[in-house]
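In what follows, a structure is listed as structure tokens, so that the remarks can point back to it.
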Amino acid sequence: MPHTEQNAGPNTDLIDVIVKDHREFEAAFVELESHTGHAIGRKDLVDHVIAEIIRHEVAEEQFMYPAARSQLPDGDKIVDHELEEHAEAEEVMKDLEGLGPESPHFERLVKQMIEDVRHHMDEEERTLLPRLREACDEEELQDLGHKVLAAKEFAPTRPHPNAPHQPPGNLILGPGIGFIDKIRDTLSHREV
């Protein structure tokens, strides 16, 4: 029986997984920029977006970036730049974490987070992802995509700027930090 998309299950191609996340972030950014909803709902949306971005970043750092380092001749330079951008965005998200919409800094930080993440997504989609598509075969891309999806399930949901962002440290500590974040999310009634 021929293999069709209907019985193939979810697409785990790394590039498609990353771009799908990017599109979901963009949709949330548009909603945040439209200033719809009341303040409490806005804070919930910001918290949700932060949690999803952090999970995405952690999974990239655990699997996509090591692949880029090993597969691309200038992989170290590219990944170091990507990690710098993650760190900058994570600092903004950490500042946002304790603020509510009533804070005079809240909207400025939301805008900064959106700008930082959009810039990062654009760079990845224009440079890193096409190069990984060329450097990796389909089996590698499927395997990496599957690993990224699995890593997101156990990844932290809150910014931790001082946590390790490269293997082996992030592979060892990431799931533990994620577990603690999930407990904190439950205790604070934060839905992610």
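Every number in this text was worked out from the coordinates using simple rules, so none of it is lab data. Since the structure is predicted, the reported quantities are computational estimates derived from the model, not experimental observations. We place every Cβ from the backbone using ideal geometry, glycine too, and count neighbours over all the protein chains shown.
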- Query: Tell me, how many Å apart are the Cα centres for segment 68-101 and for segment 127-143?
  - Reply: 20
- Within 10 Å, count the other beta carbons around each residue, average over each peptide in 76-88, 45-57, and list them highest first. 45-57, 76-88
- Item | Tensor-based shape of segment 85-128 (alpha-carbon gyration tensor, a/c under 1.5 rounded, otherwise prolate or oblate) | prolate
